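Asker: Please find one structure pasted underneath; my questions will follow.
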Amino acid sequence: MLDTGLKVLSEIKTNLFNSIIYVKEFVFLYLLIILIIYFLVGFNSLFLSLLILFTITSLIFLNIVGRKRKSELDQIKNIIGKIRGNQFQNSEQIIMSRNLKNLQEEIKLMFEKTKNDIEYLKKLERIRTEFLANVSHELRTPIFAIQGYLETLLNGALNDDTVNKYFIDKAQQHTLHLSTLLNDLIDISMIESGEMRLSYRYFVVNEFISPLVLEFQKVAREKGIDLIFSPARSGLQLFGDKNRLRQVLVNLIQNAIKYTEKGEVEILVIEEQKHGRIIVRDTGIGISENDIDRIFERFYRVDKARSKEAGGTGLGLAIVKHLIEAHGSKIEVKSEPGKGSEFSFRLKK
């Protein structure tokens, strides 16, 4: 019995403590009502009886208010504890009493934002891990190849005129591939960190693309491919960074020639109302619908064997995507396996 009484007193004490935030309002109201009673009945036994009755009623009221507030605080603590313990799968599982509806909505929004932030950080960590693994693999391959050729030469092949030039040429090829890979890594790092500064100018697009086409004519002829340039109207000027756009077109033309066994590669410039559209189209092997969504990922290759053989780094299209987006545009792809591919982007006039 004594334990029950102590428990009740402890609960009342806790409830009164929880209602202490309303003490200013309570004291003000309490004194106001006491003054009203005093002016109505004067200072006599009736006043003292009413005073005692009102005081008891006020304490009971504070106890009820404190108990209600304690219940709400316990709800909040319970919800926060479950969020911390990852016990909620989604925000709809967060349910609070009617008086806490506004707080419930805020907690739901906070929960969703935190959940999305955590998922985003996990994705970044996964991408970082994959990127480091890919970089390690891509660097290791040419380094080990160069090391193997040099060791062979040092072990006697250097004096063998039938193979020494072959091994030296192979080592040089892998050195060039390694240099290209490192340059691509530097480029993509600078682009993603915002350190790469682009120099935007107006330029005559036909005069810009024509020399590029001439550079690749020999490579195209050696594969038996027609390399065609369909220019826009004479004097058409577009706005962009010529050096970085050259990097974009070199990559797209190289890929088009690399993945085309017969037919043609065509570079077109089409004038639109506010833009000029540059297109690189081929009649090559094409890209499947599943691969189109991934070709701009770093180190992703549609045809891994062919990319390795042709010396691709797996970073070219990722760099293309970033550079075109830096121009406020978007790289668009149309492709059909066995029929060819078309890469295009727009530049402001």
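The values are calculated or read from the model by the stated rules, or taken from the named source; none is laboratory data. These numbers come from a predicted model, not from an experiment. Please note: Cβ atoms are built from the backbone with ideal geometry, for glycine as well, and neighbour counts cover all protein chains shown. SASA here: full protein model, heavy atoms, side chains in, ligands and nucleic acids out. Shrake-Rupley method; radii C 1.70, N 1.55, O 1.52, S 1.80 Å.
Asker: Got the relative contact order for the chain handy, in percent, Cα pairs under 8 Å and 6 or more residues apart?
Answerer: Values: 384 pairs, mean separation 41.8, N = 349.
Relative contact order of the chain: 12 percent.
Asker: Based solely on its DSSP helices, what 222 nm [θ] is calculated for the chain when runs of n ≥ 4 H residues each add -39,500 (n - 2.57) and the sum is averaged over all residues, nearest 500 deg cm²/dmol?
Answerer: Helices in the chain give a 222 nm mean residue ellipticity of -21500 deg cm²/dmol.
Asker: Considering the Cα positions of the chain, please state its Rg to one decimal place and its Dmax as a whole number of Å.
Answerer: For the chain, the Cα radius of gyration and maximum Cα-Cα distance read 37.7, 128 Å.
Asker: Work out, step by step, the length gained on full extension between Leu132 and Glu112: first 0.36 nm times the residue separation, then minus their alpha carbon distance; give nm to one decimal.
Answerer: Contour length minus Cα-Cα distance gives 4.2 nm.
Asker: Enumerate lysine pairs in segment 53-200 that are 8 or more residues apart or on different chains, then count those whose Cα atoms are under 20 Å apart.
Answerer: Lysine pair count for segment 53-200: 16.
Asker: Given R₀ = 51 Å, what would the calculated FRET efficiency be for Leu150 paired with Glu125, taking r from the Cβ atoms and rounding to 0.05?
Answerer: Computed FRET efficiency for Leu150 and Glu125: 0.85.
Asker: Please give the residues of segment 45-79, grouped as numeric ranges, whose backbone N is less than 16 Å from a label point set 7 Å along the Cα-to-Cβ vector of Ile33.
Answerer: Counting backbone N atoms under 16 Å from the label point, the list is 47-66.
Asker: Still on this model: Subtract the Cα-Cα distance of Arg98 and Asn183 from 0.36 nm times their separation in residues, and report this length gain in nm to one decimal.
Answerer: Full extension of this stretch gives 24.5 nm more.
Asker: Given an 8 Å cut-off on Cα distances and at least 6 residues of separation, report the relative contact order of segment 78-200 as a percent. Each step should come with its number before you reach the end.
Answerer: Numbers: 46 pairs, mean separation 20.0, N = 123.
Relative contact order of segment 78-200: 16 percent.
Asker: Another question, then. Starting from the exponent 0.38 and prefactor 2.2 Å, build the expected Rg for segment 127-259 from its residue count and divide its actual Cα Rg by it.
Answerer: Details: Rg = 20.1 Å, N = 133, 2.2 N^0.38 = 14.1 Å.
Compactness ratio reported: 1.42.
Asker: Need the full-extension length gain, Asp291 to Ala326, defined as separation in residues times 0.36 nm minus the C-alpha distance. One decimal, nm.
Answerer: On the way: separation 35, 0.36 × 35 = 12.60 nm, distance 2.36 nm.
Here the answer is 10.2 nm.
Asker: Here's another thing I want to ask about it. Between 0 and 90 degrees, rounded to the nearest ten: what's the tilt of helix 316-326 against the longest Cα principal axis of the chain?
Answerer: Roughly 60 degrees between the two axes.
Asker: Kindly express, to the nearest 10 degrees and within the range 0 to 90, the angle between helix 23-41's C-alpha long axis and the longest C-alpha principal axis of the chain.
Answerer: 30 degrees
Asker: Report, to two decimal places, the Cα Rg of segment 183-234 normalised by 2.2 N^0.38 Å (N = number of residues).
Answerer: Compactness ratio reported: 1.62.
Asker: I would also like to ask the following. When the Debye formula is applied to the Cα atoms of segment 193-324, each taken as the same point scatterer, what base-10 log of I(q)/I(0) results at q = 0.12, 0.16, 0.18, 0.19 Å⁻¹?
Answerer: Log10 of I(q)/I(0), two decimals: -0.50, -0.90, -1.11, -1.21.
Asker: How would you rank 216-222, 185-191, highest first, on the average number of other Cβ atoms within 10 Å across their residues?
Answerer: Result, highest mean first: 185-191, 216-222.
Asker: Relative to the longest principal axis of the C-alpha atoms of the chain, give the angle of the C-alpha long axis of helix 2-18, reported between 0 and 90° and rounded to the nearest 10°.
Answerer: Relative to the chain, helix 2-18 is tipped by roughly 60 degrees.
Asker: Based on the Cβ-Cβ distance from Thr175 to Leu236, what FRET efficiency comes out when R0 is 45 Å, to the nearest 0.05? Display every interim value, and only then the final one.
Answerer: Values: r = 41 Å, r/R0 = 0.90.
Using R0 = 45 Å, I get an efficiency of 0.65.
Asker: How much space per residue, in cubic angstrom, does the convex hull of the C-alpha atoms of segment 208-261 take up?
Answerer: Details: hull volume 4.2 nm³, N = 54.
Once divided by residue count, the hull of segment 208-261 is 78 Å³.
Asker: Determine the per residue accessible area of segment 46-205 with all protein chains present and a 1.4 angstrom probe, expressed in square angstrom.
Answerer: It amounts to 71 Å² per residue over segment 46-205.
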